[in-house]
Amino acid sequence: MEQLKFIGKRLAYLAVMLFGVATLVFILTKLIPGDPTVANLSQRALSDPEIVAAYRAKYGLDQPIFVQYVLYMKNLLKFDLGTSIRTSKPVLSELARCYPATIELALFAILIAAVFGILFGVISAIRRNSILDQAVRAVSVTGVSIPSFWFALLVLYFFYYKLHLFPGPGRLSNSFSAPASVTGLYVLDSLLEGNIPKALDALSHLILPGTVLAAFTMGLITRTTRSNLLDVMSMDYIRTARAKGISQVGLILKHALGNALIPVLTVIGLGLGNLLGGMVLVETIFNWPGVGQFAYESVLSADFPAIIGVALLIALNYMIINTVVDILYGVIDPRVRCQ
């Protein structure tokens, strides 16, 4: 009962935050300089007042801001994000088209970041102040510090152009056609088709952009794991377990690592939210047809409905992931449920 009450409270917070974010996104979008009419109509069309008036009426740009906001909230309650000015298609369908590509890339990147980040953090903590520890810390600092767009260009140049070890931009090689869309995830859909070569090709296309996106989060996870594991290893119950003759590996795996990884959940959750928001530059460099590339094209054309849709999607990603992390905290540590 207590756990259900805790979950219900977190879901109520989620609804309130979503309303606040929707309002804030609408206001900020209206403050963006630029007129979608100018961005999307030709010079010849702009010289005709009737065409301009019809265009503005079609997308509600001739209405007062308050009226636009009321219509926007009503449509939002009906899961209607409006029509994209750039593509003339519903924003929701456009997001549904490009979101699976971002999900696939984000899940692959967060998997790399979590596995190697935790592994490097544990190694660094075990071999504290050794040469190996210094090397791992240097790698983690580099991952956090290096700009993602610069790293993307480097890996493309060396591993694709020079060494030909991995395929270039895109989700599939030209020799393959897109699999029948079931989940929108090319690797999984190719496996459902029974086409192993296509699945391996789709997986190979994930490696370079996934590694670039994983670098920053992996650095944070490594540092967080190392710091928390060192704190846990200094506690009394760990010293007692060590005095009983438990090996270093058993001590870490059975007693220390579980408690040390609780704060790491937050870093992983935030990292996944950041990746699901779409890394605009990385997706653009790798020609990855995800949310980031869609957002980039929408901003260039001052496509306000699409910009609002992307912003709401990113905010919703963060809020849902944070809510899930809060619930997991309550499951792992019952003391959190009382807060």
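Some values worked out for this structure:
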quantity	calculated
Hey, residue 201 out of contact with any helix residue (DSSP H, G or I) (no Cβ under 7 Å at 6 or more places or on another chain), buried (at least 19 other Cβ atoms within 10 Å of the Cβ) and in a helix (DSSP H, G or I) or not	yes
Some residue of segment 66-85 being open to solvent by 50 Å² or more (accessible area, probe 1.4 Å), modelled with pLDDT under 80, closer than 16 Å to residue 306 by Cβ and among the hydroxyl-bearing types (Ser, Thr, Tyr)	yes
Positions within segment 101-146 being touching a Pro at 6+ places or on another chain (Cβ under 8 Å) and surrounded by fewer than 24 Cβ atoms within 10 Å (Cβ to Cβ), in sequence order	101
Residue identified as in contact with a Pro (Cβ under 7 Å, 6 or more places away or on another chain) and assigned to a helix (DSSP H, G or I) among 228, 259, 287	228
Single residue of segment 277-321 satisfying the filter (surrounded by fewer than 22 Cβ atoms within 10 Å (Cβ to Cβ) and at positive phi) that is modelled with the highest pLDDT	287
Helices (runs of 4 or more DSSP H) within segment 13-128 that include 1 or more residues within 19 Å of the chain's Cα centre (by Cα) and small (Gly, Ala, Ser)	91-126
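The values are calculated or read from the model by the stated rules, or taken from the named source; none is laboratory data. Because the structure is a prediction, the values reported are computed rather than measured. Here the Cβ is made from the backbone with ideal geometry for all residues, glycine too, and neighbour counts use every protein chain on show. Please note that ligands, DNA and RNA were not included when accessible areas were found on the heavy atoms of the full protein model with its side chains. Shrake-Rupley method; radii C 1.70, N 1.55, O 1.52, S 1.80 Å.
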